[in-house]
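**Student:** First the structure, which I've put down as structure tokens, then a few questions once you've had a look.
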Ligand code: HEM
């Protein structure tokens, strides 16, 4: 008796549903990896979950032991340095992949009707990905991550209405304390990953219901499709293997290091966040805390509501300005990031 028959006699599930999901036709352009960049952050997120679980077997979320437990993972735990480095590098790769995926969606106009809601879900996926990175960095409890957290707390306090509550939630009064670290750990290891999984569920459901926007370069390929399994899965697996080789290379050549242990009494000469927050630091330095919060808040809402703003611009001007606005925004973000990177480099 086949396993399928044995199973179906006990659990009556309509296996045709799985068949329809797995052999779903996808547009021909997805044969090329750069058109289906969404699968890359999904794979890296799985790598993050697996390595994160392994790290949490040894990490101690306590102000007295966090730093030493990270050092122990790197120096003594069997392959600890490798798992920690893969976790760190796949977090960075995931952020790059989400940004590239977002740019692909933007520049191909794939956020337009009927996909506006999925774009908005995507914006939250982007913000939560950044927050997972930020909260993870603060767990190490080294000088830079400690003081980065302090600056974030100060920024939060200027957010209108909820600011003082948010700042108090992070800093627990005036100082970073055990509560801060515990909260960061719960956010990093439980709340944010669960929210990400939930949002990904919604993101993929919308994808399934609406299908993927067809991008074609000739009438011949316009209607061409291929099955998700095995063809598309094969592309994703090949790329997953290439990514794992790349991650291993980065882990060996640039293993995750450690700065000095956090010291609340000594402010380092140069506080710096992770690279993906350089632009916020630059805005903060060239304006003021309240102006930076205002600018970042406005940028978030423009990004979130972009499909509708774009619709209005197109209706009023009857022109396609979105590509120019997109290129301008990418240049501005790169310029602010590089400006901060050079400023930090030359101040050392
Ligand atoms: C963890 C982060 C994310 C994952 C794992 C993910 C995954 C995916 C996947 C697998 C697809 C199928 C097509 C493709 O691969 O390009 C897709 C499409 C899409 N994503 Fe994402 N995504 C993420 C973040 C985002 C973000 C940040 C945005 C935008 C702000 C976004 C907006 C969209 C839209 C609108 C589509 C439909 C595209 C079309 O119809 O061609 N996603 N996503």
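**Student:** Mind ranking 320-326, 99-105, 59-65 by how tightly packed they are, going by the mean number of other C-beta atoms within 10 angstrom, highest first? Don't skip to the end; give the middle numbers.
**Tutor:** On the way: 320-326: 13.7, 99-105: 17.6, 59-65: 15.9.
Final packing ranking: 99-105, 59-65, 320-326.
**Student:** For labels at residue 4 and residue 333 in the simple 7 Å Cα→Cβ model, what's the distance in nm?
**Tutor:** A separation of 4.5 nm, rounded to one decimal place.
**Student:** Over all directions, what mean area does the Cα convex hull of segment 260-309 project, stated in square nanometres? Please report the intermediate quantities before stating the final value.
**Tutor:** On the way: hull surface 20.3 nm².
Dividing the Cα hull surface by four gives the mean projection, 5.1 nm².
**Student:** Which three numbers, in whole Å and largest first, are the semi-axes of the equivalent ellipsoid of segment 1-107 derived from its Cα gyration tensor as √(5λ)? Write down the numbers at each step before the final one.
**Tutor:** On the way: eigenvalues 280, 133, 23 Å².
Working from the Cα gyration tensor, I get semi-axes of 37, 26, 11 Å.
**Student:** Okay, next question. Taking the Cα of residue 289, stepping 7 Å toward and past its beta carbon, and measuring to each backbone N in segment 168-201: which are under 16 Å?
**Tutor:** Counting only backbone N, you get 168-176.
**Student:** How would 67, 216, 78 line up from fewest to most surrounding beta-carbon atoms within 10 angstrom?
**Tutor:** Values: 67 23, 216 13, 78 7.
Neighbour counts put them in this order, fewest first: 78, 216, 67.
**Student:** Let me ask you something else. Would you mind computing Rg(Cα) / (2.2 N^0.38 Å) for segment 198-348, counting N as its residues? Intermediate results must be reported in sequence, preceding the final value.
**Tutor:** Details: Rg = 22.1 Å, N = 151, 2.2 N^0.38 = 14.8 Å.
It is 1.49.
**Student:** Could you work out the helix-only [θ] at 222 nm for the chain, with each DSSP H run of four or more residues adding -39,500 (n - 2.57) and the total divided by the number of residues, to the nearest 500 deg cm²/dmol? Present the calculation step by step, with values, prior to reporting the outcome.
**Tutor:** Working: 16 runs with 236 residues, N = 348.
For the chain, the value works out to -22000 deg cm²/dmol.
**Student:** Which order do 222, 316 fall in if you start with the one that has the fewest other Cβ atoms within 10 Å?
**Tutor:** 316, 222
**Student:** Taking R0 as 30 Å, what FRET efficiency do you get between residue 186 and residue 78 from their Cβ-Cβ distance, rounded to the nearest 0.05? Spell out each step's value before the answer.
**Tutor:** Values: r = 27 Å, r/R0 = 0.91.
Taking R0 as 30 Å, the efficiency between residue 186 and residue 78 is 0.65.
**Student:** Counting only Cα atoms, I'd like the Rg/Rh figure for segment 102-167, Kirkwood definition for Rh. Kindly include the intermediate steps, with their values, before the conclusion.
**Tutor:** On the way: Rg = 16.3 Å, Rh = 14.2 Å.
On the Cα set of segment 102-167, Rg over Rh gives 1.15.
**Student:** Continuing with this model, one more query. Taking Rh as the Kirkwood radius computed over C-alpha pairs, what is the Stokes-Einstein D of the chain at 20 °C in a medium of viscosity 1.002 mPa s, expressed in µm² per second? Working shown, then result.
**Tutor:** Values: Rh = 22.7 Å.
The diffusion coefficient I find is 95 µm²/s.
**Student:** Same structure, new question: Consider a paramagnetic label point 7 Å from the Cα of residue 110 along Cα→Cβ; state which residues of segment 20-52 have an amide N under 19 Å from it.
**Tutor:** 22-46
FYI, it's all coordinate maths here, none of it is from the lab. Since the structure is predicted, the reported quantities are computational estimates derived from the model, not experimental observations. Positions of Cβ are generated from backbone atoms using ideal geometry, with glycine treated the same way; all protein chains shown enter the neighbour counts.
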